[in-house]
1. Among (1) within 18 Å of Gln113 (Cα to Cα); (2) open to solvent by less than 10 Å² (accessible area, probe 1.4 Å); (3) touching a residue at least 60 places away in the same chain (Cβ under 8 Å), which single condition is Gln39 missing?
2. In this structure, is Ser84 in contact with a helix residue (DSSP H, G or I) (Cβ under 9 Å, 6 or more places away or on another chain), part of a loop (DSSP other than H, G, I, E, B) and not acidic (Asp, Glu)?
3. Here is a list: Asp56, Asp52, Asp72. Which entry is open to solvent by 70 Å² or more (accessible area, probe 1.4 Å) and among the acidic types (Asp, Glu)?
4. Every residue in the stretch 90-121 that is in a loop (DSSP other than H, G, I, E, B) and over 17 Å from Val51 (Cα atoms), please.
5. Within the stretch 1-65, considering only strands (runs of 3 or more DSSP E) that don't extend past its boundaries, which have at least 1 residues that are within 17 Å of Ser97 (Cβ to Cβ)?
Amino acid sequence: QVQLVESGVGLVQAGGSLRLSCHMSGRTFTNYRMGWFRQAPGKEREWVSVVDRNGDTDYADSVKDRFTISRDNANNMVYLQMNSMKPEDTAVYYCASSIVGWNSEEAYPYWGQGTQVTVSS
């Protein structure tokens, strides 16, 4: 069974940066696309970014040019570098993995426990 463990709980001021990490175990990492999602208080969970098996990436418009997703296949890790952060980035961030998923959470069968990110104004 796939296990995903996030790290990088953080409190950052607006304009600051934070990096989230996620480690996957239990299956062959290079077979999976890796995504990040987030859920703000009182809102539905939304897709943030995805990195494909070959390193191709995609981003939600709200984070494009501020966030960067990357993967380290040697260590089964995926990262989300978040720069120029805004208070509206405050959310619980989830790492997820899927063979076929892209930006739809329904296509991701495996999820981490989530990590809180708070951006103060």
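1. Condition not satisfied by Gln39: (2).
2. On the way: in contact with a helix residue (DSSP H, G or I) (Cβ under 9 Å, 6 or more places away or on another chain): no; part of a loop (DSSP other than H, G, I, E, B): yes; not acidic (Asp, Glu): yes.
Criteria not met by Ser84.
3. The conditions single out Asp56.
4. Across the stretch 90-121, the qualifying residues are Thr90, Gln113, Gly114, Ser121.
5. Here the list reads 3-7, 18-25, 33-39, 46-51, 57-59.
The values are calculated or read from the model by the stated rules, or taken from the named source; none is laboratory data. Just so it is clear, the model here is predicted, and its values are computed rather than measured. Here the Cβ is made from the backbone with ideal geometry for all residues, glycine too, and neighbour counts use every protein chain on show. Accessible surface is based on the protein model in full, side chains and every heavy atom, while ligands, DNA and RNA are left aside. Shrake-Rupley method; radii C 1.70, N 1.55, O 1.52, S 1.80 Å.
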